[in-house]
Amino acid sequence: MQARTQPARGMRDFLPADVRRREYVIGLIKEVYERYGFEPLETPAVENIETLMGKYGEEGNQLIFKILKRGEHERTGEADLALRYDLTVPLARVVAEYRDKLPKFFKRYQIQPVWRADRPARGRFREFYQCDVDVLGSRSMVVEAELCAAASEALQRLGFNDFTIRLNHRQVLAGVLDAAGISPDKHGDALVALDKLDKIGREGVAKEFSERGIAPEAGHGLLDFFKKLGELEHAAQIVAGEPTENGSALSETAALNRATLGRLVEFVGDHEAGARGIDELSYIVTFVEASSTGAKIKIDPGLARGLSYYTGAIMEINVPDLAGSLGGGGRYDNLVGMFLGQNVPACGFALGLERIILVMTEREMFPRNLAEAPAEVMVTIWNEASIADSLKLASDLRDEGLKVDLYPDADKIGKQFKYASSRNIPLVAIVGDEERERGDVSLKDMRTGEQMLMPRERVAQTVREKLSEA
RNA sequence: GCGAUAGUAGCUCAGCUGGUUAGAGCGCCGGUCUGUGGAAUCGGAGGUCGAGGGUUCAAGCCCCUCCUAUCGCCCCA
């Protein structure tokens, strides 16, 4: 009859120390986003199923957690609701619904869980938090630049400095594939194969191209283009010499981005949409160079992203020690239109909270004192007769604004000290028979072992002094 | 969804080619200490060996199914 106590597959319980870490990260991200002028938004966990279906591509549809109809309809197996798959589509729905109440440029952040019926793996769960920032209402590349800067600053505040924001563009991607002579219906296949370039190498990709029915000349042309891009990077590194230096890293990145753009122009030629995309990328890198984020951004013509609603720039953040990405985003000018009938330009960025926490935990990037003391002072209970005194003292100290734990049992005093010690509570207050007679309280500093006797009224002040000493 | 590896005490792990009552360290609880934690010392509890089935005289070990985690593929934050 022993029930299973593990949470459902891919779902997790967060114990107090976990929650403290999560809140620490969320707090810092919020702070940065607020400083960029973003406003908070929350939406329901559940959406009508039509709201989500068809927005994420074929693969995405299958990964949506669907909720069966209730009541009599349950037996049909039909679903009318679903758990949200991301925060972007609900945002588009909200903008379509409240267009008149929202500002012309709606800048919002949203930090909430989303659900995907995926197979769990390292850094991948079925319930996970995304930290989204989006700007709606503008086609300007200033938006892309600001979003990159905001996400980048959030990561830097958390202590990351070895991340890269890879930048690409859906139209440029299309332009490159067209220019290579890959037929439009094979673009998807080409991208999937191309994405594995650094894993399986040129020959591997070439093999996969042919398996996926891509014309050999087209495949070769494409691989050739990427080979030359790779050489570009190599050259830039040699020129810059020390890539770790801040100053030279910036110019190196900028130079590389310029060179990459140049190659793209050559290769894509007069492909109209592609050329426009290249212009947009060039604006973004120029705008971004105005801030320290510039050194973090790298145009990567091989970057593809799964979600089907992206229409323009796409980006992704990576760190060396994580296979997946720390976050990603892009422009999706047509998504709101799917709800409203009228397009509202939009661009957004999502940071993956779970992956940030995973890497931060492995690298021990959390402040030491985060998970520790649940209270600043613990009040002991001397005996059954003195419970009221202890309650009163705890209450008074709480009124003084202190975090106070009250030991619940009249255990041996040594046991109570041991408990306080194990919980890392720095101070312990004792009202024993002697103290009570004189209206005094003993206060022990668990860190030094020092113990002082004082009038009741002075306890709060002394606790504060002791806390600030450390 | 496919393939691979792993799961033994709260934690980290031993456990030989299947062979009696499954071990260690750390942690936990208690005593030494009748108003005091951390140290020392002595003692104690705790495991249906991930779950369920099968083979065998005998299963932690072999076989099957499932669960969970991790690694590739696929995809993604």
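Tabulated data for the structure shown
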quantity: Residue list for the stretch A:349-370, filter: among the polar types (S, T, N, Q) and either assigned to a loop (DSSP other than H, G, I, E, B) or open to solvent by less than 40 Å² (accessible area, probe 1.4 Å) (or both); calculated: A:ASN369
quantity: Candidates A:GLU144, A:GLU203, A:GLU211, A:GLU217 - the one that is in contact with a Gly (Cβ under 9 Å, 6 or more places away or on another chain) and open to solvent by 50 Å² or more (accessible area, probe 1.4 Å); calculated: A:GLU217
quantity: Subset tally (residues that are out of contact with any Ser or Thr (no Cβ under 9 Å at 6 or more places or on another chain) and part of a loop (DSSP other than H, G, I, E, B)) for the stretch A:327-341; calculated: 2
quantity: Residue match in the stretch A:16-28 (condition: open to solvent by 70 Å² or more (accessible area, probe 1.4 Å), out of contact with any Cys (no Cβ under 7 Å at 6 or more places or on another chain) and more than 23 Å from A:LEU155 (Cα to Cα)); calculated: yes
quantity: Some residue of the stretch A:253-272 being within 10 Å of RNA strand B (Cβ to nearest atom) and either basic (Lys, Arg) or buried (at least 17 other Cβ atoms within 10 Å of the Cβ) (or both); calculated: no
quantity: Condition check for A:LYS444: part of a strand (DSSP E or B) and near RNA strand B (Cβ under 8 Å from one of its atoms); calculated: yes
quantity: Subset tally (residues that are free of Cβ contacts under 8 Å to residues at least 60 places away in the same chain, over 41 Å from the mean Cα position of the chain (by Cα) and surrounded by 13 or more Cβ atoms within 10 Å (Cβ to Cβ)) for the stretch A:387-403; calculated: 5
quantity: Given (1) under 33 Å from the mean Cα position of the chain (by Cα); (2) over 16 Å from A:GLU266 (Cα atoms), index of the condition A:ILE214 fails; calculated: (1)
quantity: Conditions (1) over 22 Å from A:ASP411 (Cβ atoms); (2) within 8 Å of RNA strand B (Cβ to nearest atom); number of the one not met by A:GLU465; calculated: (2)
quantity: Residues located in the stretch A:376-386, provided they are under 28 Å from A:SER468 (Cα atoms) and either surrounded by fewer than 16 Cβ atoms within 10 Å (Cβ to Cβ) or touching a strand residue (DSSP E or B) at 6+ places or on another chain (Cβ under 6 Å) (or both); calculated: A:VAL377, A:MET378, A:VAL379, A:THR380
quantity: Scan of the stretch A:413-431 for residues that are within 6 Å of RNA strand B (Cβ to nearest atom) and touching a Ser or Thr at 6+ places or on another chain (Cβ under 7 Å), ordered by number; calculated: A:ILE413, A:ILE430
quantity: Close pairs (6 angstrom Cβ cut-off, 6 or more residues apart or separate chains): not assigned by TED's automatic domain parsing to the domain that holds A:TYR129 in the stretch A:356-370, open to solvent by 40 Å² or more (accessible area, probe 1.4 Å) and β-branched (Val, Ile, Thr) anywhere; calculated: none
quantity: Selection status of A:ALA373, part of a loop (DSSP other than H, G, I, E, B) and small (Gly, Ala, Ser); calculated: yes
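Table: residues versus (1) touching a helix residue (DSSP H, G or I) at 6+ places or on another chain (Cβ under 9 Å); (2) more than 9 Å from RNA strand B (Cβ to nearest atom); (3) among the small types (Gly, Ala, Ser).
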| residue | (1), (2), (3) |
| --- | --- |
| A:LEU303 | yes, yes, no |
| A:LEU307 | yes, no, no |
| A:ILE314 | yes, yes, no |
| A:PRO320 | no, yes, no |
| A:TYR332 | yes, yes, no |
| A:MET338 | yes, yes, no |
| A:PRO345 | yes, yes, no |
| A:GLY348 | yes, yes, yes |
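Conditions tested, residue by residue: (1) outside any helix (DSSP H, G or I); (2) loosely packed, with under 12 Cβ neighbours inside 10 Å; (3) among the charged types (D, E, K, R).
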{"position": "A:ASP405", "(1), (2), (3)": "yes, no, yes"}
{"position": "A:PRO408", "(1), (2), (3)": "yes, yes, no"}
{"position": "A:ALA420", "(1), (2), (3)": "no, no, no"}
{"position": "A:ASN424", "(1), (2), (3)": "yes, no, no"}
{"position": "A:VAL428", "(1), (2), (3)": "yes, no, no"}
{"position": "A:GLU435", "(1), (2), (3)": "no, no, yes"}
{"position": "A:THR448", "(1), (2), (3)": "yes, yes, no"}
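A quick yes/no check of all residues on (1) crowded, with 16+ Cβ neighbours inside 10 Å; (2) assigned to a helix (DSSP H, G or I); (3) without any contact (Cβ under 8 Å) to a residue 40 or more places away in the chain; (4) charged (D, E, K, R):
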residue	(1), (2), (3), (4)
A:TYR310	yes, no, no, no
A:GLU316	yes, no, no, yes
A:SER325	yes, no, yes, no
A:ASN343	no, no, yes, no
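The values are calculated or read from the model by the stated rules, or taken from the named source; none is laboratory data. Everything quoted here is computed from the prediction, not taken from an experiment. Heads up, the Cβs are rebuilt from the backbone with ideal geometry, glycines too, and the neighbour counts pull from every protein chain shown. Quick note on the areas: whole protein, heavy atoms, side chains included, nothing else; ligands and nucleic acids left out. Shrake-Rupley method; radii C 1.70, N 1.55, O 1.52, S 1.80 Å.
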